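Here is the structure we will look at, set down as C-alpha cells.
The values are calculated or read from the model by the stated rules, or taken from the named source; none is laboratory data. Since the model is a prediction, treat every value here as computed from it, not as a measurement. Note: ideal-geometry Cβ built from the backbone for every residue, glycine included; neighbour counts use all protein chains shown. Ligands, DNA and RNA are stripped out before the accessible areas are found, and what is left, the full protein with its side chains, is counted by its heavy atoms. Shrake-Rupley method; radii C 1.70, N 1.55, O 1.52, S 1.80 Å.
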Amino acid sequence: MKILGIFGLIILVFVGCTSVEYQQMQNERERLRAVYEEARLKNDRRTSKDRLEQEILGTWQFLGIEVLESGLSNEIERTAIALDELSRKNLTIRFFEQNGIHFYEGNNGSIRVTGKFSVYVERIAEVLYPELCMNRSSGIRPGVFLFNERSGGIFDGLPGTSNVLIFVQGNQLHLTLGAGSALTLEGWVQRDGIRYSFERVK
C-alpha cells in the first residue's frame, strides 16, 4: 500500500512536470507565432512599398477623373469633372530617383512643381493600403497641383496620412482621394472616393 502511494505520488509529480513543460512549450510556440506574424506583416508592407516606389518611376500624362462614390447630382458632378479635366489636359508629372532619394517634378502649362515623394503602406482589416506621400520643394502644394485641392493639405501631414491611395496597373497610374476603410458601428466599411488616372509616356 505504501509502495502504491509512493508510485502514485511519483506519477502526480511527473504529470505535473509534464503539464508545466507542455504549457511552457505552448507559450513559446505562441510567442514565436506572434513574432513570425509581425515580421510577415512588416515584410508585406515593405515589399509593397518597394515595388510601388519602382513602378511609379517615369513620366505620367493626366488621363481623366472618375467619381467612384459621390453625393453630388449627375449634372453638377459632370460639370465639376469637366472643369477639372480641362484644367489638367497638359499636366504631366515625373517621378525619379537620384542617389537613393525619390523626387517628383510636374508641369501644367506655366505651372512647375518639384519635391520628394515616398510610398507608405498601411494595413487595415487585413488589407494593404499604399499611400502616396509628397513633400514640396518648389511651386504650389502637390495637392493643389494634382487634385485642385481647395482647402487643407492632404500631403502636409505625417507619412501615411495623405489619404491618396496609389495603384499602378500596366501603363496606368491611379491616384484615389477619399478611398479606404472606415470603422463604423457595423464594422469596417469600404469607401471608394475619386480616382485620378495617368498614362505612362516615358
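A few points about this structure:
- If the condition is being open to solvent by less than 60 Å² (accessible area, probe 1.4 Å), more than 21 Å from residue 177 (Cβ to Cβ) and assigned to a strand (DSSP E or B), then segment 108-125 contributes only 114.
- Which listed residue is at pLDDT below 95, aliphatic (A, V, I, L, M), assigned to a strand (DSSP E or B) and surrounded by fewer than 19 Cβ atoms within 10 Å (Cβ to Cβ), from 165, 158, 128: 128
- Long-range neighbours under 7 Å by Cβ, at least six apart or interchain, first residue closer than 20 Å to residue 51 by Cα and touching a residue at least 40 places away in the same chain (Cβ under 8 Å) within segment 84-110, second part of a strand (DSSP E or B) and open to solvent by 30 Å² or more (accessible area, probe 1.4 Å): 94/105; 102/116; 102/118
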